[in-house]
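Where a number appears in this text, it was derived from the coordinates with a stated rule and is not lab data. Model, not experiment: these values are computed from the prediction. Here the Cβ is made from the backbone with ideal geometry for all residues, glycine too, and neighbour counts use every protein chain on show.
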Amino acid sequence: MTDSPLQVLLEFDARSQRDHDQPAAFLHRRDRKFALSCEQQGQTPDARLWLDHMARLSGPGSQPSVAETTRRLWRRINTGFTIAGVLLGVLTMLGLLFYDGGQRINITVFLAFVLLQLLLALFTTVQSMAGWQPWRWLVRRVTPRGSTGVANRLNPVLMARAAHLGGLGFALSGLLTLLVMVVVQDLAFGWSTTLETSAPGYHQLVLALAAPWSWLWPAAVPDLALVEATRFFRAGSGASTIDPQRWGQWWRFVTMLWLTWVLLPRCLLTLVSMALLRRRARQLLAGHPGMHALMYRMETPTLDTGSQHNDAQDMPDTGTRTTVQPLPDSNILLCWAGAGEPELPDTLTGEATRKLRAGGRASLAEDRAALVQIADWLEQEDPARAVIVVTRSWEPPTGELQDFLNAARQSWPSGTRVALVPLSLDTRREPEAHQLRQWLRFADRVGEDFVGVSAPRLEWRDPFTEQGDLA
């Protein structure tokens, strides 16, 4: 996962959209388990870690993600704007520097064009900050129809970045074209205007524009004598009395003018547009409804209440099986969340018993390792295809255990059975009836074809027959 805030936002929004079809209880257990795992590892859970965790759970997909698809789309848009800007920059500079030997290249036209470019660059930044979309018609053409989501709220800053990249290509290619034309042609610059402008006044304007580089390259600042000598008029004669070399001395000023007032502003505003995009993406991620729901699920513990309904007025479900199954003949024993400490009953252990631990203080990596190890044992050595899972009867079933069993159903061989053995505080005594009832209800919810509740002895007194109907 990249650290780009835009990438994180798009991936998170796509995950949130998919989670709408999942039950709330499942989402709560999944995200609470992730938060507990981060706490064990000393990490602070955030959107990036959560997305990495979800990617590991989902595995690599054959289809590109929504964030990758959107990034490719805008990469094509940025590339198109950049290429168009480069071509227009070359053609525009060739037009501005067109010289057939019978006229002068007017510096005043250059000043006006530079001012236009600067205004366009500033306008692009302002419109992105204001949220206005002058390129809406283009976005509708290139984006898929019916596309919704948080990405649409980023269109103003995304298009501003594309426009700035195009402007940056325009400015850079224009500067390179100018330098090439200076080398391969003998250009004649001058200045003229219809307005009644004196040479000293025009020189003051030139000095103001050249102030940023006057200390760096003094030769690129025209003096008053050059301004007075290179003024031309439409019907004026006397150009032949001017030293021909004076007409070409403006190229330094023109080069620095384009570099300072066209190329550098575009570079800075392009960086500003990227910073605005990252800031906007962070704001949208922080205010995303799915982020608030995720933080609530990670901070709130999960409890099994026994109710399968979402309405608080519904009574908990009590229609569960009331019999305990015999303990299978299996030598694979899994202690869940510290069950069996400090010791296990003698009826559960033997010389051939292979014990593993998972859940509780165990990390996700340790849980996955236990799943893989048991799968190998079941495939190679265990003909019974059964696993005994020891739990604490006084603790309610957790969502983490259900997720673990769901993962086991997918990774263990077909036909494998799981026997849940809830132990009481005193392993020599049987669990209370109300404690067994919650585990029976849990096994029924996970799937009686895969999970059942057993006892540490083959002959088990059914507590429900003695205490009657507990419903």
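Brief remarks on what is shown
- Cα-projected label distance for Leu116 with Lys355, points at 7 Å along beta-carbon direction, nm: 8.4
- Taking other residues whose beta carbon is less than 14 angstrom from the beta carbon of Thr270, and scoring Lys, Arg as +1 and Asp, Glu as -1, yields +3.
- Distribution of pairwise C-alpha distances over the stretch 66-286, 5 Å bins, in %: 1, 6, 13, 16, 15, 12, 10, 8, 7, 5, 4, 2, 1, 0, 0
- Calculated FRET efficiency for the pair Arg76/Asn406, C-beta based, R₀ 41 Å, to 0.05: 0.50
- Protection-proxy order for peptides 157-163, 434-440, each taking the mean of Cβ atoms within 10 Å per residue, highest first: 157-163, 434-440
- Relative exposure of Cys267, Cys335, Cys38, judged by other C-beta atoms within 10 Å (fewest first): Cys267, Cys38, Cys335
- The simple Förster model, with R0 at 25 Å and r as the Cβ-Cβ distance, assigns Thr69 and Arg282 a FRET efficiency of 0.70.
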